[in-house]
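Some notes on the structure that comes next.
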Amino acid sequence: MIEVSIEEAGYDKNRPIINNIHFSIKRGEMIGLIGENGAGKSTTIKAILGLLPYFKGKTEFANLTPNFAYIPEQPIYYEYLTLWEHIELLASVKNLKREIWEKEATYLLTSFRMEGVKHHYLSNFSKGMKQKVMLMLSILTHPDCYIIDEPFVGLDPRAISEFLKVLKIEKQRGAAILICTHVLDTAEKICDRFLILSKGKLVVEGTLSYIQENCKLIDGSLLDCFDLLLEGEIL
């Protein structure tokens, strides 16, 4: 579905932030992108999306016109549009059939407990509520690929549970998912493979069992392995 090959990238050609990051994501696969603050996770996402001033490498999608959804850590919205108007605008831009998107939108509003505020302006929402809107809008388009940056920040437990259920359904549909998160216990349960970044480089790629084997922590959690990697005992 996606082939990513980053030789180097950043905001200044003379000072690249990330180097030698190469990976792929298959259909129906969820990849966890993890690393400490400043490791280069968000920069990697921006490189994939083509949002960096300097990028040496390439990103290839299976489709010539890739259909992907990007869910940023900081919600982006139109201040003077209501939640329902955001949904209507998206449906219009994507040319979705009204009888289909209305039914799905109603289901999502109910699932995320947002039906009571669908005619309210997003400028009055909490960050968690805005994040729910970003999730709902991305799900509504059923993209081939999701690129998600810290989706659990600000979400209540029920919203997290509902989001994880939807991601499972989207995986089964064949969507490729790249999810960047610091919530390692959740990532351990839902991701098929992991990309661990440190100081702008990809240091480990593989399944949890592969990472455990390399860290010599057969029964260790992802957090245990991550701590050992950052301590420099493996790198």
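Every read-out reported here was derived from the displayed coordinates using simple, explicitly stated rules and does not represent laboratory data. The model shown is predicted, which means the values in this text are computed figures rather than measured ones. Here Cβ is always computed from backbone atoms with ideal geometry, including for glycine, and neighbour counts include all displayed protein chains.
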With charges set only on the Cβ (+1 for Lys and Arg, -1 for Asp and Glu), what does the dipole of segment 75-142 come to about its Cα centre, in debye to the nearest 20?
-> 180 debye
Most exposed first, judged by fewest Cβ atoms within 10 angstrom, ARG113, ARG15 run ARG15, ARG113
Paramagnetic label zone (point 7 Å from Cα along Cα-to-C-beta, LYS201; backbone N under 17 Å) in segment 20-47 | 20-23, 35-36, 38-41, 44
Kirkwood hydrodynamic radius for segment 75-142: how many Å is it when counted over pairs of different Cα atoms?
-> 11.8 Å
Which net charge results for the neighbourhood of GLN212, defined as the other residues with beta-carbon distances under 11 angstrom from its beta-carbon, given Lys and Arg at +1 and Asp and Glu at -1?
-> -3
Provide the net charge surrounding GLY10, with neighbours chosen by a C-beta distance below 11 Å and charges set as Lys +1, Arg +1, Asp -1, Glu -1.
-> +2
Once you treat every alpha carbon in the chain as an equal point and sum by Debye, what is log10 I(q)/I(0) at q = 0.09 Å⁻¹?
-> -0.40
To the nearest 500 deg cm²/dmol, what mean residue ellipticity at 222 nm is calculated for the chain from DSSP H runs of n ≥ 4 alone, each contributing -39,500 (n - 2.57), summed and divided by the residues?
-> -11500 deg cm²/dmol
Enter the angle in degrees (range 0 to 90, nearest 10) between the Cα long axis of helix 83-93 and the first principal axis of the Cα atoms of the chain, meaning the one along which they spread out most.
-> 80 degrees
Between the alpha-carbon centers of segment 34-111 and segment 176-194, tell me the distance in whole angstrom.
-> 18 Å
Net lengthening on full extension, TYR107/LEU81 (0.36 nm per residue, minus Cα-Cα) | 7.3 nm
Helix 98-111 vs. the chain, principal-axis angle (Cα, 0 to 90°, nearest 10) = 70 degrees
Roughly what angle does helix 157-173 make with the longest principal axis of the chain, taking Cα atoms, 0 to 90 degrees, to the nearest 10?
-> 80 degrees
